[in-house]
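Everything below concerns the one structure shown next.
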Amino acid sequence: MIWGVGVCSVLVLGVAGVGAWIYQDLNGNIKGADVDDKLGGDRPANLSPGSKNILVVGSDSRAGANAKYGSDGLTTMQSDTLMVLHIPANREWATVVSFPRDSWVEIAACDKGDGSTSAPHHFKINEAFALGGITGDIGGAAACTIKTLEDNTGLRIDHFMSVDFQGFKGMVNALDGIEVCPEEAMHDEKALLDLEPGCQKVEDEAALAYVRARYSVGDGSDTGRINRQQEFMQALAAKAQSKLTSPKALYGFLDSATGSLTTDKDIAGIRPLYGLASELKGIPQDRLTFLTVPNYPREADVPSDRANVVWQYPQAADLFTSLAKDKEVDKKRLAAKAKDLVYASNVRVQVLNGTGVTGRAGVVAEILRKAGYTVVGTGNAPQTVRATTVSHPQGLDAQAEVLASRLPGARTDQDEGAAAGVVTLVVGTGLDPEDIR
């Protein structure tokens, strides 16, 4: 869920004033997991020292008290919701980026915790949490998710938080519920949701159902659910700041929050979490931005896939680059740019090998085909080059930008003599096929 930000903000309000015995009780609730030894050394660099990227995962485990929500065939942990909270070096703004769990991405090679390692492959992004958590180890689940996110976004993930269903319900109950105002009736058997239209307070099972509901609500998309979760989180944080003045309510909230919270070892405790929350305290509400990675149905590129979404380029790449360089993202501008939608399947590309490495054009072409691009041919470039370029005829600027944004370091050039309707990719020695997004 989107509760990680709320947990941090509420810790600012109350932890400093609780008694020593309560402090120790809450501190002992938080579980720390070691992920560093599972991440390896090939990770993105932090391009903006002082900034932080925090992975926030809502765990969809059906273990213990969560078993009553049904397994739906689940044999391991799942990430019900996946976000990255970016805290800039100047602490003047913050951005929360949601990743649809149906995002079709390359899942990193991960230690499964049972003595085996998974091979890189494409699937829904939430499978990373399941693969790493096959043995029930949240640290392993988080590590695989971090590797997958870093590989696909180029962002360095500094910390993680994972909270399960029970913790979410406890936090909402401690606030005596949250008001929601659905415009239409919401009935979803899978989420155990049954709400009539109009403003009403939800708590306990109804609150959990409200943020989990998907298939029978609206258009049934994960994006719709993300929007509802973001609105709910903003309401939860606002009510927490205004209501948690009584010791009983404060303790109930913090006990629920910390009792189902697992973090990396560096922030596994009240003191480091309080420090993290203090960094968020001064950020104006209008500069805490909630975004969803621009995306579109994968069916547009692969007609047989009606279940997943792919990230929209170059908009997604621009978003990741801005955060990596610690630049605040304008939500309205991003939304406006996302309207200029170019499907990968509408980019017709010829791939030329400029590396001198036999077969490199074929390797890159196959990666692009799997990503939905229309590869019209392969061949060799006239000479070996280091820089990767995407040349295009007049009128195909957008198509060239879409392709170039998937190739780190690539540049685009207009070529008046280029074949009509086709962009030409010259693969340089500086491009590692494994780095193609």
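The values are calculated or read from the model by the stated rules, or taken from the named source; none is laboratory data. Please read these numbers as outputs of a predicted model, since none were measured by experiment. Reconstructed Cβ throughout: ideal geometry from the backbone, glycine too, with neighbour counts over all protein chains shown.
Structure summary
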read-out: Any hit, the range 325-334, residues being farther than 22 Å from residue 436 by Cα, among the aliphatic types (A, V, I, L, M) and in the same structural domain as residue 311 (by TED's automatic domain parsing); value: yes
read-out: Qualifying residue in the range 238-247 (condition: in contact with a strand residue (DSSP E or B) (Cβ under 9 Å, 6 or more places away or on another chain) and over 17 Å from residue 162 (Cβ atoms)); value: yes
read-out: Single match in 386, 348 (criterion: charged (D, E, K, R), free of Cβ contacts under 8 Å to residues at least 60 places away in the same chain and not assigned by TED's automatic domain parsing to the domain that holds residue 299); value: 386
read-out: Any chance residue 318 is acidic (Asp, Glu) and under 22 Å from residue 174 (Cβ atoms); value: no
read-out: Verdict on residue 387 being within 30 Å of residue 157 (Cα to Cα), among the hydrophobic types (A, V, I, L, M, F, W, C) and assigned to a loop (DSSP other than H, G, I, E, B); value: yes
read-out: Members of the range 179-202 found to be assigned to a loop (DSSP other than H, G, I, E, B) and surrounded by fewer than 17 Cβ atoms within 10 Å (Cβ to Cβ), listed by number; value: 181, 183, 184, 185, 189, 190, 192, 196, 197, 198, 199
read-out: Out of 373, 313, sole residue that is touching a helix residue (DSSP H, G or I) at 6+ places or on another chain (Cβ under 9 Å), closer than 21 Å to residue 426 by Cα and assigned by TED's automatic domain parsing to the domain that holds residue 223; value: 313
read-out: The range 290-333: number of residues that are more than 13 Å from residue 155 (Cβ to Cβ) and small (Gly, Ala, Ser); value: 3
read-out: Residue that is nearest to the chain's Cα centre (by Cα), among those in the range 367-416 that are over 14 Å from residue 346 (Cα atoms) and of a type in the set (Asp, Glu); value: 413
read-out: Single match in 81, 75 (criterion: among the β-branched types (Val, Ile, Thr) and either in contact with a Pro (Cβ under 8 Å, 6 or more places away or on another chain) or modelled with pLDDT under 65 (or both)); value: 75
read-out: Residue 403 closer than 22 Å to residue 308 by Cβ, modelled with pLDDT of 95 or more and either assigned by TED's automatic domain parsing to the domain that holds residue 44 or touching a Leu at 6+ places or on another chain (Cβ under 7 Å) (or both); value: yes
read-out: Within the range 103-127, considering residues that are among the polar types (S, T, N, Q) and surrounded by fewer than 20 Cβ atoms within 10 Å (Cβ to Cβ), the one farthest from residue 83 (Cα to Cα); value: 116
read-out: The lone exception for residue 298 - which of (1) modelled with pLDDT under 95; (2) assigned by TED's automatic domain parsing to the domain that holds residue 229; (3) under 24 Å from residue 126 (Cα atoms); (4) not polar (S, T, N, Q) it fails; value: (1)
